[in-house]
Amino acid sequence: METRKLQEVGGGTYTVSIPKEWATARGLEAGTPVNLYSHRDGSIVVRSREKDSDGLSTMRVEVDGSRTQVERALEAAQAVGFERVTLVATEPFDDETCRAVRSLVRRFVGAELVDERDGTLVVRNLLDASDVSVRQSVVQLQYIALSIHEQAIGSFLEADADAYERLRERETEVERLCGIVVRHFGRALVSLEEVDRVGASRSELFEYYETASRLRRVARNGVTIARVGRHLTAPVPGAVADELETVANTVRGVAEGTANAVLEGRETERVHEMLDTCTETRTDLDALEEALVDDRRTLPSGPTADVVAVARCLDALRRTLDHGRAIGDVALQSAMRSERL
């Protein structure tokens, strides 16, 4: 690290000297245009214009034309944050691949398929970062993910086989919202201007990204619970249902509380309490699972399929709890940072 003092020159202008060796090593010399960025965290960044070239404007990707590779490449380019992506194949794209791309693009907020030729597909993203609230996207994602999880538990206990398809459709909303967060976080890793446009610091963007990714998994676990519930031959018996519902509510409360701690801020003591609840709930889940295995009387008339379904539901709840704890770790780091800095 180099330390320099501000020097005042004529007209009230300040200058900062840069060691010549330092500048030369980075391809800078007298007369080289540079850009200065000031950020909300108080930092001032100096970058050469060569480094500030718009590397996220366009991207050309060569693919083999298969649906799997095309979808994988497009999802990766969207997550990185490219504004215009051209997929080029040596062979014409078949109808199935084109339909898959159109379906995938509809999941991307602000994206559209602007060119569709035999061997070329062009996707453009028109979403302006200044019009996006990453935080609000996480708030909406949290609401939908927890709603999916709550409905999944209710449908499981009632052996409602039809709930699975309904919740799968809602999961698409979660994917769209998470995609917004991932995209702008990815762009902020490369573009300093993106940080200012989204109105959040880099540390905040990371916290939102990690929270959104975990909440997406909470929703997926909810859909898994609904899918497993299709194999139940009858509603879960009362005593087991009450225990399952109680522990599921606690698990969901952990995910909600830790996400709120990230979004709204909490003192470290409060976050520690949430993490303690995680540990206690994990013990409750293990005890409930052991009781089901050791005492089959809890499901007296249930066939093996029902016991397996309940066990898989508990496993999904355990994974949900793990994601809530991971969000809690992010919240604790955020609380410590805000208290010390």
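The values are calculated or read from the model by the stated rules, or taken from the named source; none is laboratory data. Because the structure is a prediction, the values reported are computed rather than measured. So basically every Cβ, Gly included, is an ideal-geometry build from the backbone, and we count neighbours across all protein chains shown. Please note that ligands, DNA and RNA were not included when accessible areas were found on the heavy atoms of the full protein model with its side chains. Shrake-Rupley method; radii C 1.70, N 1.55, O 1.52, S 1.80 Å.
Side notes on the structure shown:
- Restricting the range 56-76 to residues that are without any contact (Cβ under 8 Å) to a residue 40 or more places away in the chain and of a type in the set (A, V, I, L, M, F, W, C), the residue that is farthest from HIS184 (Cα to Cα) is VAL63.
- Filtered residue count, the range 217-244, keeping only those that are modelled with pLDDT of 95 or more and open to solvent by 50 Å² or more (accessible area, probe 1.4 Å): 3
- Within the range 82-97, residues that are closer than 26 Å to LEU56 by Cβ sit with their Cβ atoms under 7 Å from residues that are assigned to a helix (DSSP H, G or I) and not small (Gly, Ala, Ser), at 6+ positions apart or across chains, in these pairs: VAL85/LEU74; LEU87/VAL70; LEU87/LEU74; THR97/ARG67; THR97/VAL70.
- Identity of the residue in the range 305-341, in a helix (DSSP H, G or I) and at pLDDT below 75, that ends up surrounded by the most Cβ atoms within 10 Å (Cβ to Cβ): GLU339
- The residue of the range 24-43 that is surrounded by the fewest Cβ atoms within 10 Å (Cβ to Cβ), among those that are at pLDDT 80 or above and not in a loop (DSSP other than H, G, I, E, B), is ALA25.
- Qualifying residue in the range 95-104 (condition: closer than 22 Å to VAL132 by Cβ, within 31 Å of the chain's Cα centre (by Cα) and part of a loop (DSSP other than H, G, I, E, B)): no
- Residue match in the range 192-201 (condition: of a type in the set (A, V, I, L, M, F, W, C), part of a helix (DSSP H, G or I) and under 30 Å from ARG312 (Cα atoms)): no
- Picking from residues in the range 245-269 that are farther than 20 Å from ALA152 by Cα and loosely packed, with under 15 Cβ neighbours inside 10 Å, the one that is farthest from the chain's Cα centre (by Cα) is GLU269.
- Within the range 110-144, considering residues that are at pLDDT below 85 and under 16 Å from ARG176 (Cβ atoms), the one surrounded by the fewest Cβ atoms within 10 Å (Cβ to Cβ): ASP131
- Looking across SER130, SER137, SER147, SER155, one residue alone is part of a helix (DSSP H, G or I), farther than 30 Å from ASP64 by Cβ, among the small types (Gly, Ala, Ser) and in contact with a Gly (Cβ under 6 Å, 6 or more places away or on another chain). It is SER155.
- Among residues of the range 190-212 that are in contact (Cβ under 8 Å) with a residue 12 or more places away in the chain and within 20 Å of ARG47 (Cβ to Cβ), those with a Cβ under 6 angstrom from a residue that is outside any helix (DSSP H, G or I) and charged (D, E, K, R), sequence gap 6+ or separate chain, pair up as SER201/ARG40; SER201/ASP41.
- PHE206 being open to solvent by 50 Å² or more (accessible area, probe 1.4 Å), assigned to a helix (DSSP H, G or I) and closer than 25 Å to TYR143 by Cα: yes
- Scanning the range 174-192 for residues that are modelled with pLDDT of 90 or more and surrounded by fewer than 18 Cβ atoms within 10 Å (Cβ to Cβ) yields GLU175, ARG176.
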